[in-house]
DNA sequence: CTAGGATTTGTCCAATCGGTCAAAATTCTA
DNA sequence: TAGAATTTTGACCGATTGGACAAATCCTAG
């Protein structure tokens, strides 16, 4: 008998392992070539298996990409979720910037995968943006606004502040080539993330000190 | 006689017009689908001509993309070139931020084309980054550093400051879908660029006031 | 140790892609 | 307005792509 396609969910040990292996390989390929630029053969080779074997675990290229993207968003939003209304405003913001820079440093492929999707108009996660991202950002924006009203944080538009933090931190993952080219060989070592973190923190937090 | 391919340079009126028409169509297609995601047929259709006709004006898909990218870089660097060592530091920086936000608003496709190229590791303009971009940035970084030493500008790493300005402004073009989704229908009108400009200026310039 | 399911792969297919070519249509020029 | 040069296109080609299928191999429970 032909085996039922295991695409519904991981059952056996092998299925869990292979599915994970495929996602890792796909992340590598999708993040550097984009969805259409990536081929199933490339992903299969990166995962060390044949193309039909890969398609045994995921029904289509679409499904791999979609799985990757949906799984990513949670990880991606975690740093913002951690921003707590109870903490000290400046400390909380500093922590948020830190966590975002660390993600750019430790998960650049995830960042580029996400950037690729956004550049193309979010055809596959568009709905998630309004259903998950927007509510979370609105909630945290409210926290920021309360801090500002309480005089514990300089006044600025909370949404655009969050955009600015996203943009500056993710820049070091998405535009890595450019950053490295501009900094030159001597300053483009791994320390660039530490330098970036300090600069971004100083820029934003200096301007946001209550006055 | 068979006509010589006009790919060497624009000669007749028709050639100039059609070449421009093709570049416009190609910008639209490349910026939303990336290089590999775009097809010659799509570009040809967007330009209102047949595929062989398009290939009469440009020898290959590569050549169109490359032309677009090289032509773009000059436009793209213009705002930074305008930053003058003679002017008032804070006014100069404010002007630079303004110009960059205006470019994100008026030329979002160009921004996305560039972002796409960067995301993929700048395979086609990598050399231009070190030959043109780096020297320019280094020159302007020196200007910023002089201002800082003279006490006319708060101290921070000039390179990372420039990165931050790039990131925050281009974010509104490259991540437009996300920005719109988060701001919601009511705040996502054209005014969002004006709001963004004010927020970014306030954030950066407040923190950079000499103290 | 063996039967039945799970896993793997070689082979194939239709669609799409970038690009060619020769012929047709149009435009320019003398 | 005739003839030459330029511009346009239909038809075609080889390569690549996403995916299907059935046969072969592997694993594991009884």
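List, shortest first and in nm to one decimal, how far the label point of residue A:151 (7 Å from Cα along Cα→Cβ) is from its counterparts in the other copies. With the label placed 7 Å along Cα→Cβ, residue A:151 yields 3.1 nm.
Averaged across B:21-29, how many Cβ atoms of other chains sit within 10 Å of each residue's Cβ atom?
On the way: counts 0, 0, 0, 0, 0, 0, 0, 0, 0.
Across B:21-29, the average partner-chain Cβ count within 10 Å equals 0.
Kindly identify the range B:71-208 as rounded, prolate or oblate by the Cα gyration tensor criterion: order the square roots of the eigenvalues as a ≥ b ≥ c, call it rounded if a/c is under 1.5, otherwise compare a/b with b/c, prolate if a/b is larger, else oblate. Oblate shape, in that a/c is at least 1.5 and b/c is the bigger or equal ratio.
Each part gets one Cα centre, and for the range A:119-175 versus the range A:194-210 those centres are 17 Å apart.
With label points defined 7 Å past Cα in the direction of Cβ, position residue A:75 shows copy-to-copy spacings of 3.6 nm, given to one decimal and shortest first.
Under the rule of -39500 (n - 2.57) per DSSP H run of 4 or more residues, summed and divided by the residues of chain A, what mean residue ellipticity at 222 nm is obtained, to the nearest 500 deg cm²/dmol? Intermediate results must be reported in sequence, preceding the final value.
Values: 10 runs with 154 residues, N = 211.
Value at 222 nm, helices only, nearest 500: -24000 deg cm²/dmol.
Using alpha carbons only, how many degrees (0 to 90, rounded to 10) separate the axis of helix A:89-106 from the longest principal axis of chain A? Approximately 30 degrees, to the nearest 10. Distances between copies of residue A:135, taken at a point 7 Å out from Cα along the Cα→Cβ vector and listed shortest first: 5.4 nm.
Rounded if a/c is under 1.5, else prolate if a/b beats b/c, else oblate: with a ≥ b ≥ c from the C-alpha gyration tensor eigenvalues square-rooted, which is the range A:18-103? Prolate shape, in that a/c is at least 1.5 and a/b is the bigger ratio.
Taking the longest Cα principal axis of chain B as reference, the axis of helix B:134-149 is set at about 10 degrees.
Using a ≥ b ≥ c from the Cα gyration tensor of the protein assembly as shown (square roots of the eigenvalues), is it rounded, prolate or oblate, where a/c under 1.5 gives rounded and otherwise the larger of a/b and b/c decides, a/b for prolate?
Values: a/c = 1.88, a/b = 1.14, b/c = 1.65.
Verdict is oblate for the protein assembly as shown.
Inter-chain Cβ neighbour count for A:116-129, averaged per residue, equals 5 (cutoff 10 Å, partner chain atoms only). Counting, for every residue in A:165-172, the Cβ atoms of other protein chains within 10 Å of its Cβ and taking the mean gives 6. Between helix A:191-208 and chain A there is an angle of about 40 degrees, using the helix long axis and the longest principal axis of the Cα atoms. Between residue A:50 and residue B:56, the simple label model (points 7 Å from Cα in the Cβ direction) yields a spacing of 4.8 nm.
Just so you know, all these numbers are worked out from the coordinates, no wet-lab data involved. Values in this document were obtained by computation on a predicted structure and should not be read as measured data. Methodologically, a virtual Cβ is constructed for each residue, glycine included, from the backbone with ideal geometry; neighbour enumeration extends over all protein chains shown.
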